[in-house]
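K.L.:
Would you mind keeping the following structure in view while I ask a few things?
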Amino acid sequence: NRKLPMAVVESAGVRWEDIGGLSNVINEIQESIIWPLRYRDRFRRLGIRPPRGVLLHGPPGTGKTMIARAIAHEVSANFILVAIPDLIKGEVGESEKALASVFESAVRMPSILFLDEIEAIFGSREQAGEVGKKLISQLFLELDSIPEDANVMILAATNAPELMDSSILRSGRLDKKIHIPRPDYASRLDILRRSTRHLSISNKSTTLEWLANNSLSGAEIKALVRGACYSAIQRGSADISKEDFEASLSAMNPANILFSKK
Ligand code: ATP
C-alpha cells in the first residue's frame, strides 16, 4: 500500500514583502484571492461570488509558487501543495482517492490548495490513459462539490496554459486567470533588493543594478544570490563582493565566464 508523495501541508514561510516586481498583478491578486479569504462575510452580505479558483500562468521561475505561499501566510491559511505530475504516476483508484482526500482536508480548514503543473493532467489524457482520464473527472467532481461556505481557494499553476482543456476554466472551477510575467529590469532590481536586504554587499546599489542587467527571472536571482553567498563563505568574508556575484554567475552559465572584471 504505497503512499503517494504528492501533498505537502505546511505553514508557508514566505511573506508578501519578499515578492519583488509584479506590481501590475499584485492588486489583482489582492482583490481576487486575498479579499475573498479575508472578508468572506462581506462578500456574502453583498452577494458577490468571488472566484473559487485562480489559474496562475507564466514562464518558469517567475514566482507562481512563491505567490501562493505568500497568500497562505498573509491570510493565515494552511498551504497544501499537490504536484499534479506526481499524482499521475499513481495507480488507477489510488490517485483519485489521494486527490479526494486532499480536497477533504482542504475544505476542513482555511486553506490554499495549490495544484502545481496542472497542465499535466490534460497532457496525460493519452499518455497516462486510465489514470489521466479518471483524475480529470475526479478533479472536476471535487471542484464542483466544494461547499459554498468553505474557506478554501484553489490556486493552480502552469507554464503551458495552451495544453489545458478550457472546461477547467468554467465558472466555479478556475474561474479567473492571472498572468505572471517575466520580470523586466525594474522588477529584477526590486527582486534583487528584497532578496539581499539582509546581506552586506560592497557598493550595493551599483552591484545590484549590474546584476539586474545580467539576470532573467526571480528563480535565477535566487540561485545567483545563493551562489555569491557560498563564494563569500569560501573566502571567509562577511561581505559579498561583485567578484562573488561574478563567480556565481559564471557557475550558472558557462558563457558568462567571459564577463569583464571591472
Ligand atoms: P515553476 O513554474 O518553475 O514552478 P514558479 O513560477 O512557481 O516556477 P517559484 O518556484 O515561485 O516560481 O520561484 C522560485 C524562486 O525564485 C522563489 O522561491 C523565489 O526565491 C524566487 N522568485 C521568483 N519570483 C520572484 C519574485 N517575483 N520575487 C522574489 N523572488 C522570486
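The values are calculated or read from the model by the stated rules, or taken from the named source; none is laboratory data. Not measured: the values here are computed from a predicted model. Using ideal geometry, Cβ is built from the backbone for each residue, glycine included, and neighbour counts are taken over all protein chains shown. Areas reflect the complete protein model, heavy atoms only, side chains present, ligands, DNA and RNA absent. Shrake-Rupley method; radii C 1.70, N 1.55, O 1.52, S 1.80 Å.
K.L.:
Kindly indicate whether any position in segment 59-71 is in a helix (DSSP H, G or I) and away from the ligand (no atom under 16 Å from the Cβ).
P.N.:
Taking segment 59-71 as the starting set, the residues that turn out to be in a helix (DSSP H, G or I) are 64-71.
Those still in the list that are away from the ligand (no atom under 16 Å from the Cβ) too: none.
The answer is no; no qualifying residue exists.
K.L.:
Kindly indicate whether residue 184 is touching a Gly at 6+ places or on another chain (Cβ under 9 Å) and either open to solvent by 50 Å² or more (accessible area, probe 1.4 Å) or without any contact (Cβ under 8 Å) to a residue 60 or more places away in the chain (or both). Full working, then the answer.
P.N.:
Values: touching a Gly at 6+ places or on another chain (Cβ under 9 Å): yes; either open to solvent by 50 Å² or more (accessible area, probe 1.4 Å) or without any contact (Cβ under 8 Å) to a residue 60 or more places away in the chain (or both): yes.
Spelling it out, residue 184 is indeed touching a Gly at 6+ places or on another chain (Cβ under 9 Å) and either open to solvent by 50 Å² or more (accessible area, probe 1.4 Å) or without any contact (Cβ under 8 Å) to a residue 60 or more places away in the chain (or both).
K.L.:
Can you tell me which residue in segment 41-58 is farthest from the ligand (Cβ to nearest atom), limited to those that are outside any loop (DSSP other than H, G, I, E, B) and among the charged types (D, E, K, R)?
P.N.:
My answer is 45.
K.L.:
Counting only residues that are buried (at least 18 other Cβ atoms within 10 Å of the Cβ) and under 20 Å from residue 190 (Cα atoms), how many does segment 228-241 have?
P.N.:
Taking segment 228-241 as the starting set, the residues that turn out to be buried (at least 18 other Cβ atoms within 10 Å of the Cβ) are 228, 231-232, 240.
Keeping just the survivors that are under 20 Å from residue 190 (Cα atoms) gives 228, 240.
Number of matching residues: 2.
K.L.:
Still on this structure: Of all residues in segment 143-174, which are more than 22 Å from residue 63 (Cβ to Cβ) and open to solvent by 30 Å² or more (accessible area, probe 1.4 Å)?
P.N.:
Result: 144, 145, 147, 148, 149, 151, 165, 166, 170, 171.
K.L.:
Let me ask you something else. Which ones in segment 18-40 are more than 10 Å from the ligand (Cβ to nearest atom) and not in a helix (DSSP H, G or I)?
P.N.:
39
K.L.:
Taking segment 72-93 as the search range and keeping residues that are within 16 Å of the ligand (Cβ to nearest atom) and β-branched (Val, Ile, Thr), which one is farthest from residue 133 (Cα to Cα)?
P.N.:
Checking each candidate, the answer is 80.
K.L.:
Check 193, 197 and return the single one that is loosely packed, with under 15 Cβ neighbours inside 10 Å and at pLDDT 95 or above. Talk me through it step by step, then tell me what you get.
P.N.:
Numbers: 197 fails: at pLDDT 95 or above.
Exactly one residue qualifies, and that residue is 193.
K.L.:
Residue 95 fails exactly one of the following numbered conditions: (1) modelled with pLDDT of 95 or more; (2) open to solvent by less than 20 Å² (accessible area, probe 1.4 Å). What is the number of that condition?
P.N.:
Of the numbered conditions (1) modelled with pLDDT of 95 or more; (2) open to solvent by less than 20 Å² (accessible area, probe 1.4 Å), the odd one out for residue 95 is (1).
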